[in-house]
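Visitor: Dumping the structure here so I can ask a few things about it.
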Amino acid sequence: MRIAPISTPRADTNCSLSRDIQDAADILAPVYQASKKHDGYVSLEVSPYLANDTEGTLAEARRLWKAVARENLMIKVRALRKEFRRSGN
């Protein structure tokens, strides 16, 4: 299930989005349990508009995790190439 990022969050939209994600997570919960947490995840992505804001990204990821409140939720975070540093080369 893929849901487009919300660029301007509104309380009613977020509530509906959380419920949809919760429903999907509940449907996949038996798969999550049977696979010993290797499968059955529902993913939600932090807005890409926060990609250059580490603290904002962390705050939004925590907010989403708390709003959905399902163990089989995977929060995806966009990474920019400049955030990675090569080691050993």
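The values are calculated or read from the model by the stated rules, or taken from the named source; none is laboratory data. Note that the coordinates shown come from a computational prediction; the quantities given were computed from them, not determined experimentally. All Cβ positions, glycine included, derive from the backbone under ideal geometry; neighbour counts span all protein chains shown.
Visitor: Tell me whether the stretch 16-38 contains one or more residues that are in contact with a Phe, Trp or Tyr (Cβ under 6 Å, 6 or more places away or on another chain), at pLDDT 85 or above and part of a loop (DSSP other than H, G, I, E, B).
Guide: No, the conditions are met nowhere in the stretch 16-38.
Visitor: Turning to a different aspect of this structure: If you go through the stretch 39-54 one residue at a time, do you hit one that is on the phi > 0 side of the Ramachandran plot and free of Cβ contacts under 8 Å to residues at least 40 places away in the same chain?
Guide: Within the stretch 39-54, one or more residues are on the phi > 0 side of the Ramachandran plot and free of Cβ contacts under 8 Å to residues at least 40 places away in the same chain.
Visitor: Looking at the stretch 39-63, which of its residues are assigned to a helix (DSSP H, G or I) and touching a Ser or Thr at 6+ places or on another chain (Cβ under 8 Å)?
Guide: Those that are assigned to a helix (DSSP H, G or I) and touching a Ser or Thr at 6+ places or on another chain (Cβ under 8 Å): TYR49, LEU50, GLU60.
Visitor: Now for a different question. Do we have any residue at all in the stretch 5-15 that's surrounded by 13 or more Cβ atoms within 10 Å (Cβ to Cβ), in a loop (DSSP other than H, G, I, E, B) and at pLDDT 90 or above?
Guide: Among the residues of the stretch 5-15, not one is surrounded by 13 or more Cβ atoms within 10 Å (Cβ to Cβ), in a loop (DSSP other than H, G, I, E, B) and at pLDDT 90 or above, which makes the answer no.
Visitor: Let me spell it out: the conditions are (1) modelled with pLDDT of 95 or more; (2) touching a Gly at 6+ places or on another chain (Cβ under 9 Å); (3) surrounded by 14 or more Cβ atoms within 10 Å (Cβ to Cβ), and LEU50 meets all of them except one. Which number is the exception?
Guide: Failed condition: (1).
Visitor: Select from the stretch 22-52 the residues that are among the charged types (D, E, K, R) and under 16 Å from the mean Cα position of the chain (by Cα) and list them in ascending order.
Guide: ASP23, ASP26, ASP39, GLU45
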